[in-house]
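The values are calculated or read from the model by the stated rules, or taken from the named source; none is laboratory data. Here the structure is a predicted model, which means the values were calculated and not measured. Ideal geometry is used to build each Cβ from the backbone, glycine not excepted, and the neighbour counts take in all protein chains shown.
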Amino acid sequence: MAEQAGKPQSGSGHRPDDPLLWPFAAARLAVDAWFWWLERAPAEPDDSDLPWTTPNFVALELATMRLRDCTRTGAGQPALVCAPYALHRALIADFAPGHSVVQSLQKGGVDRVYLTDWRSAAPGMRYLSIDSYLGDLNVAIDEIGAPVDLVGLCQGGWLSLLYAARFPAKVRRLVLVGAPVDLSIESGLSQLARNAPEIVYDQLVARGGGNVSGGEMLRVWSKAPSRDDIAAALQRDLSDDEGAALLARFDRWNSETLNLPGAYYLQIVNWIFRENRIARGHFTALGREIDLKDVQVPIFLLAGLDDDVVPAAQALATASLLGTPPASIAAASEPSDHLGLFMGARTHAHAWPRIAAWLRSDLAGLLARSA
């Protein structure tokens, strides 16, 4: 579960097209027998000195995250961008000018934007579970002030959806971008998750001392993305000086990985990707079984037409699982691969302004009624 550019490949020992699949691909390589000969990776640092695109400060320090406050004003409806907690850092949501979810929302008039900056798992975090992340997300939203608009990116999408079902009064609107929810709809991700024996995932966690090492997985599974891969993700030519700077920044971002807590990782593998509990209505979050029909807020779904990780059919099918009336469901698809949904220049020129306008579409009426 992570984000990165790459080309689709197939066959034993070959790498799939996106590191969203990296834990499953690593498991396949383990089955191929050579995984176990790698040396143990050193722990990754908990922070990066890569600068953020949008000025921000840390509003709250929690066990699982730093809540980053990117707001330009203290007034207005807050939006919380729930970044993927995967192989790479939350800079995926604020990568560079013209390639930033935070910036695009602000340009679209959403002034109060916050971001979940997930921590790399230290040894003492190995028993943290999905409930741990939902609990801290709840603390962050209480700190911001509910109800919030939740913008879930990829893995942050299913987490946001679970939260909206568990605490429906605390979410005003929901945006899910390239979010895997119903894994019964075929994708490379669902196939890899089902095909590897469960013991392989357990051994992967044991090898990391209770966590899954992002650095080791990057070396085991991934190769450096090519210039064409990165150009496709950023949706721009990289031959000028600005492109060269973006290329260097991407390479640096790609090399800085996060560890995942073992308990959290195994729940995702088994409960979400193998057993499809969210879509089937058998997921228990913070002591309560989740019913997606309890999600009745307006929702916007964004899918990539060239997304091999979360195919458009899978990303858009979430609408049929919810209690949201059809008139309150908006959807769009872009000619984009998976990473391009979050980082692509064309997507930020076309889709994200529409999302920002959709988030603001009923605020004037709300303000008038409260006056």
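General remarks:
- Breaking point among (1) touching a residue at least 60 places away in the same chain (Cβ under 8 Å); (2) of a type in the set (Val, Ile, Thr); (3) surrounded by fewer than 24 Cβ atoms within 10 Å (Cβ to Cβ), for residue 199: (1)
- Subset of region 173-189 [at pLDDT 90 or above and either on the phi < 0 side of the Ramachandran plot or outside any loop (DSSP other than H, G, I, E, B) (or both)]: 173, 174, 175, 176, 177, 179, 180, 181, 182, 183, 184, 185
- All of (1) in contact (Cβ under 8 Å) with a residue 24 or more places away in the chain; (2) out of contact with any Phe, Trp or Tyr (no Cβ under 8 Å at 6 or more places or on another chain) hold for residue 150 with one exception: (2).
- Annotation: residue 278 fulfils all but one of (1) more than 27 Å from residue 294 (Cβ to Cβ); (2) of a type in the set (A, V, I, L, M); (3) at pLDDT 90 or above; the unmet one is (1).
- Selection from region 52-77 of residues that are at pLDDT below 95 and loosely packed, with under 11 Cβ neighbours inside 10 Å: 73, 74, 75
- Test: residue in region 340-350 that is charged (D, E, K, R) and surrounded by fewer than 19 Cβ atoms within 10 Å (Cβ to Cβ): yes
- Given (1) among the small types (Gly, Ala, Ser); (2) more than 24 Å from residue 285 (Cβ to Cβ); (3) out of contact with any helix residue (DSSP H, G or I) (no Cβ under 7 Å at 6 or more places or on another chain); (4) touching a residue at least 24 places away in the same chain (Cβ under 8 Å), number of the condition residue 164 does not satisfy: (2)
- Residue match in region 363-371 (condition: modelled with pLDDT under 95, over 17 Å from the mean Cα position of the chain (by Cα) and not in a helix (DSSP H, G or I)): yes
- Only one of 300, 273, 250 that is under 27 Å from residue 65 (Cβ atoms) and part of a strand (DSSP E or B): 300
- Any hit, region 122-143, residues being closer than 17 Å to residue 341 by Cα and buried (at least 24 other Cβ atoms within 10 Å of the Cβ): no
- Out of 337, 306, one residue alone is among the acidic types (Asp, Glu), on the phi < 0 side of the Ramachandran plot and in contact with a His (Cβ under 9 Å, 6 or more places away or on another chain). It is 306.
- Annotation: of all residues in region 257-301 being over 25 Å from residue 330 (Cα atoms) and among the acidic types (Asp, Glu), the one that is surrounded by the most Cβ atoms within 10 Å (Cβ to Cβ) is 275.
- Matching option when the condition is among the hydrophobic types (A, V, I, L, M, F, W, C), assigned to a loop (DSSP other than H, G, I, E, B) and under 30 Å from residue 49 (Cβ atoms), among 224, 263, 233: 224
- Test for residue 192: is it on the phi < 0 side of the Ramachandran plot and either surrounded by fewer than 22 Cβ atoms within 10 Å (Cβ to Cβ) or polar (S, T, N, Q) (or both): yes
- Per the conditions (1) surrounded by fewer than 21 Cβ atoms within 10 Å (Cβ to Cβ); (2) at pLDDT 95 or above, the sole criterion not satisfied by residue 99 is (1).
- Those residues of region 307-344 which are touching a residue at least 60 places away in the same chain (Cβ under 8 Å) and either in a loop (DSSP other than H, G, I, E, B) or in contact with a Pro (Cβ under 7 Å, 6 or more places away or on another chain) (or both), in sequence order: 307, 308, 309, 310, 311, 314, 336, 337, 338, 339, 344
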